[in-house]
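The values are calculated or read from the model by the stated rules, or taken from the named source; none is laboratory data. As the structure is a prediction and not an experimental result, all values here were calculated from the model. Every residue, glycine as well, gets a Cβ built from its backbone with ideal geometry; the counts of neighbours run over all protein chains shown.
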Amino acid sequence: MPRLRYRTTVCIFKRMTYVMLWLGNESVGKSVDNYINLIKLSVGTETVDDLASWQATKRAQTPQGQPRHVTRMWPKREAEILNGGSLFWVIKGVIQCRQTIIRLDEYQGQDGIRRCAIVLDPEIIRVQGSLKRPFQGWRYLTPADTPGDLPKGRAQEEPLPVELNRALAEIGVL
């Protein structure tokens with residue numbers, strides 16, 4: 001395989017990192033110094049425990065038994081996501097938890113359309129509640145905009161009622 005010129009390599013790195021990964025350039029993923037997170041609405045769940053129950057079903061798992069979320073669009077910033085990014089879950093209008101993203105797999109449904117399966121760490125980490133308006137699909141979330149993790153001891157506490165949590169977040173207490 002011919003070596004790419006410097007200018008071409010920089011251009012591809014900036015705009016199409018996934019192409020270089022596909023070509024087998026292992027240094028691409030290691031050269032990214034920062035990371036980016038994803039944020040996604042957890043539709044149909046009322047609590048973090050509901051999310052954990054859904055992910056325990058066979059339908060929501062990879063063949064190896066890891067939780068995954070299948071989405072239509074493939075993230076263009078794959079290298080940054082795989083450099084330590086997490087998927088933050090919005091449940092009932094509040095960011096309540098996150099899971100570390102392990103990898104992105106190609107998934108083809110029964111309809112023949114190729115999709116992206118976001119493979120997640122099974123550990124669900126609760127975070128400080130933060131209000132988030134509804135949106136479609138997933139969005140990028142910078143590390144500066146992410147809510148902090150709850151201390152391990154507080155993660156098992158009974159969560160605040162949604163209305164109280166929302167009111168406290170609106171006035172800036174949470």
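For this structure, a couple of remarks:
- Filter result for ALA117 (part of a helix (DSSP H, G or I), modelled with pLDDT under 95 and out of contact with any helix residue (DSSP H, G or I) (no Cβ under 6 Å at 6 or more places or on another chain)): no
- Just one of the numbered conditions (1) in contact (Cβ under 8 Å) with a residue 24 or more places away in the chain; (2) part of a strand (DSSP E or B) is not true of PRO75: (2).
- Restricting the range 57-89 to residues that are in contact with a Pro (Cβ under 8 Å, 6 or more places away or on another chain) and among the aliphatic types (A, V, I, L, M), the residue that is nearest to ASN37 (Cα to Cα) is ILE81.
- Residue count, the range 124-150 (criterion: assigned to a loop (DSSP other than H, G, I, E, B) and surrounded by 10 or more Cβ atoms within 10 Å (Cβ to Cβ)): 8
- Screening ARG115, ARG103 for residues that are farther than 16 Å from LEU41 by Cα, in contact with a Gly (Cβ under 7 Å, 6 or more places away or on another chain) and surrounded by fewer than 18 Cβ atoms within 10 Å (Cβ to Cβ) leaves exactly one candidate, ARG115.
- Residue match in the range 66-74 (condition: out of contact with any strand residue (DSSP E or B) (no Cβ under 6 Å at 6 or more places or on another chain) and farther than 30 Å from GLU170 by Cα): yes
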